[in-house]
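Undergrad: Below is a structure I'd like to ask you about.
The values are calculated or read from the model by the stated rules, or taken from the named source; none is laboratory data. Just so it is clear, the model here is predicted, and its values are computed rather than measured. Because the Cβ atoms are built from the backbone with ideal geometry, glycine has one as well, and the counts that use them run over all protein chains shown. To get the accessible areas, we keep the full protein, side chains included, count just its heavy atoms, and leave off ligands, DNA and RNA. Shrake-Rupley method; radii C 1.70, N 1.55, O 1.52, S 1.80 Å.
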Amino acid sequence: MFGEEAVAVETPAGGGVVVRTRRLARGAYCVLADGANSRLRRGMGVQMVGGGVIQHLVSMHFRSPTLAKIISRRPGMLYFVCGPEAVVTLVVHSLKEAEFVAQIPFFPPLQSLADFSPEVCRNLVEAAAGAPCHDVDIRDLRTWGMRAQVAEKFSVGNRVFLMGDAAHVFPPAGGFGMNTGIHDAHNLAWKLAAVLKGVAGEDLLATYEQERKPIAENNAAVSVANWEDAIRVPAALGLDPSSAALLNHFASGVAAKCLPAGAAKGLLNLGLFIGRRASGLHGPMTHWRRQQLTSIFESGKSLRLLYPNEDLAYRYESNAVLEESIKGRSEGAPSRSAPFVPATRLGVRLPHCPLLMRRPAPQAARTPGTSDVTVCGEARPAEVSTLDLVPSKDVAMLLLVGDDVSDGSWAQAAVDLQRRGHRLQIARVCMGAADVGTKPLQRSSRHCSAPVSASGNTQTLIIDHAAVAKGYAGNVLRGVDVAEDAEGRWNDVRGVGDDGAVMVRPDGHVCWMSSGRPERDGCAELLWVLNKAFCRSVGNAD
């Protein structure tokens, strides 16, 4: 299928998906990621919702070693040029390769791509650079319309899914387009894998739209607000985009009906020329404009490029996030203007915290009288993040537990479920080296409905691996990672106590929290949580 153009996608009544290229391809699911002008999306009858074009632009992809040399004196990624000769946004793709993209406002229907000849484009680059650039090599030139729109739905029959620009388009202000598309893929990939592997129920796929569509709608609004803040600077310099749009509306409407052919376009060009000449920090408006710019920059109401809350603290709400979790609690996402404060919250991405992981070095010897036990040799500490604990090679949930590993704890229940074949990875985070020592973890039918060996006396130990480094001996339960919260940061942000637990999905989002120990049967309660998180029927063993 690689290298072939998909012309249509169908969802036959019998199930599955059919993709039409030069031949037919059949599959269980299909992801549409064919861009903002997605033909496949239109073919599926999915409409985009939102306003019209905010700004028409010419996008020019070009190379210029001369420009790269000029910019290298004061290198940056993004340049906004607002001058009497040119209004250009210049994006530096690679100084080493002298590769750039220029975004230039234009005003249809009176202006078109034909007005941007190679000579005109080179003159614009030279005006933006303030120096001759005779080596401008144009690689691509096209027009596009800036919009803020979101698809009316992100899936069709839970078989076809929209992702990236095919699902949402934003003004390029804040980097939301790429980030939101990556988050789409991160959300959907593990869900498709879970369903295809038989780990989850098909209802899990419905949570893709439940979770991602509200985020896209929020990011569309934030992008528009950021764009409006960004144009405050050119407006203060006398280059208000709304004034240019009003001039274009008049020239292409009333003037075009009253003036001879071509005169309306000349009027538009003249008005734009006069506007550019009157702009800038010169003339009688200079002092006032400087005051306006100072006010904008000091207030922070200009283009923002960092959005940690929108990028890291967005919150999912769906059937796969347990709002009514056992002893759980729910907190809303922070407001747009609030500072970013890492915290563990339902539906939100697990915060990064540095940990020390001491993995045991297995030896061949087996402790007499025990089963499923590995004897510890020396361990070397490794610096890891809480995010590194999230399963990345298999579809499994991560359960983070604290110091409580006694009988009836979440750790106890998780180990039993893991042994029964459930997709559960367990990590115990200890509060630093002060936690050195061993604590028993015993399987007991009194607190768990899981099967117990015939002897009924199988006992294992979870220890802090720091004990190994300090010369202690002990046993390490297989299947449980032990990490040390060396800096105490996890203790500050985990949101639960030592006897609580946090469950994290494969995409790193928290889907369940418990502030205390299980109420009765920890295995049954944890199995209920797993089933809800995977959207599968109660009692499903895997």
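The rows are residues; the columns are (1) open to solvent by less than 20 Å² (accessible area, probe 1.4 Å); (2) part of a loop (DSSP other than H, G, I, E, B); (3) of a type in the set (Phe, Trp, Tyr); (4) farther than 17 Å from residue 343 by Cα.
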position	(1), (2), (3), (4)
507	yes, yes, no, no
512	yes, no, yes, no
519	no, yes, no, yes
523	yes, no, no, yes
528	no, no, yes, yes
532	no, no, no, yes
537	no, yes, no, yes
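Undergrad: Show the residue pairs meeting these rules: Cβ distance below 7 Å; 6+ apart or different chains; first residue within the stretch 76-95 and without any contact (Cβ under 8 Å) to a residue 40 or more places away in the chain; second residue surrounded by fewer than 18 Cβ atoms within 10 Å (Cβ to Cβ) and assigned to a loop (DSSP other than H, G, I, E, B).
TA: 92/76; 92/77; 95/72; 95/75
Undergrad: Which residues, counting only those in the stretch 135-155, are outside any strand (DSSP E or B) and either buried (at least 19 other Cβ atoms within 10 Å of the Cβ) or among the basic types (Lys, Arg) (or both)?
TA: The first filter runs over the stretch 135-155 and keeps only residues outside any strand (DSSP E or B), leaving 135-136, 147-148, 152-154.
136, 147, 148, 153, 154, listed by residue number.
Undergrad: Only residues in the stretch 111-138 that are touching a residue at least 12 places away in the same chain (Cβ under 8 Å) and closer than 27 Å to residue 250 by Cβ count as the first member; pair them with residues that are open to solvent by 40 Å² or more (accessible area, probe 1.4 Å) and acidic (Asp, Glu), Cβ under 7 angstrom, at least 6 apart or cross-chain, and list the lot.
TA: Correct list of pairs: 127/85.
Undergrad: Would you confirm, using the coordinates I've provided, whether residue 102 is modelled with pLDDT of 95 or more, surrounded by 18 or more Cβ atoms within 10 Å (Cβ to Cβ) and farther than 21 Å from residue 303 by Cβ? Steps first, please.
TA: Values: modelled with pLDDT of 95 or more: yes; surrounded by 18 or more Cβ atoms within 10 Å (Cβ to Cβ): yes; farther than 21 Å from residue 303 by Cβ: no.
Here the answer is no, as residue 102 does not meet what is asked.
Undergrad: Looking at 248, 219, which is the one that is touching a Ser or Thr at 6+ places or on another chain (Cβ under 8 Å) and either part of a helix (DSSP H, G or I) or aromatic (Phe, Trp, Tyr) (or both)?
TA: Criteria check complete, one pass: 219.
Undergrad: Also: Please verify whether the stretch 124-134 includes one or more residues that are surrounded by fewer than 17 Cβ atoms within 10 Å (Cβ to Cβ) and either under 36 Å from the mean Cα position of the chain (by Cα) or part of a helix (DSSP H, G or I) (or both). Lay out the reasoning, then the answer.
TA: Initial filter on the stretch 124-134 (surrounded by fewer than 17 Cβ atoms within 10 Å (Cβ to Cβ)): 130-132, 134.
Filter once more, keeping what is either under 36 Å from the mean Cα position of the chain (by Cα) or part of a helix (DSSP H, G or I) (or both): none.
There is no residue in the stretch 124-134 that is surrounded by fewer than 17 Cβ atoms within 10 Å (Cβ to Cβ) and either under 36 Å from the mean Cα position of the chain (by Cα) or part of a helix (DSSP H, G or I) (or both).
Undergrad: Considering only residues that are open to solvent by 10 Å² or more (accessible area, probe 1.4 Å), aliphatic (A, V, I, L, M) and assigned to a loop (DSSP other than H, G, I, E, B), which ones fall in the stretch 156-177?
TA: If the condition is that a residue be open to solvent by 10 Å² or more (accessible area, probe 1.4 Å), aliphatic (A, V, I, L, M) and assigned to a loop (DSSP other than H, G, I, E, B), then 163 is the only one that fits.
Undergrad: Any residue at all in the stretch 185-201 that's within 23 Å of residue 147 (Cα to Cα) and assigned to a helix (DSSP H, G or I)? Quick ask: steps written out before the conclusion?
TA: Kept after step one, since they are within 23 Å of residue 147 (Cα to Cα), are these residues of the stretch 185-201: 185.
Checking which are assigned to a helix (DSSP H, G or I) leaves us with 185.
Taking every residue of the stretch 185-201 in turn, at least one turns out to be within 23 Å of residue 147 (Cα to Cα) and assigned to a helix (DSSP H, G or I).
Undergrad: Right, next: Residue check: is residue 43 in contact with a strand residue (DSSP E or B) (Cβ under 9 Å, 6 or more places away or on another chain) and open to solvent by less than 40 Å² (accessible area, probe 1.4 Å)? Show your work before the answer.
TA: Working: in contact with a strand residue (DSSP E or B) (Cβ under 9 Å, 6 or more places away or on another chain): yes; open to solvent by less than 40 Å² (accessible area, probe 1.4 Å): no.
Against the criterion (in contact with a strand residue (DSSP E or B) (Cβ under 9 Å, 6 or more places away or on another chain) and open to solvent by less than 40 Å² (accessible area, probe 1.4 Å)), residue 43 does not qualify.
Undergrad: Could you please find all residues in the stretch 279-321 being under 27 Å from residue 532 (Cβ atoms) and open to solvent by 90 Å² or more (accessible area, probe 1.4 Å)?
TA: 317, 319
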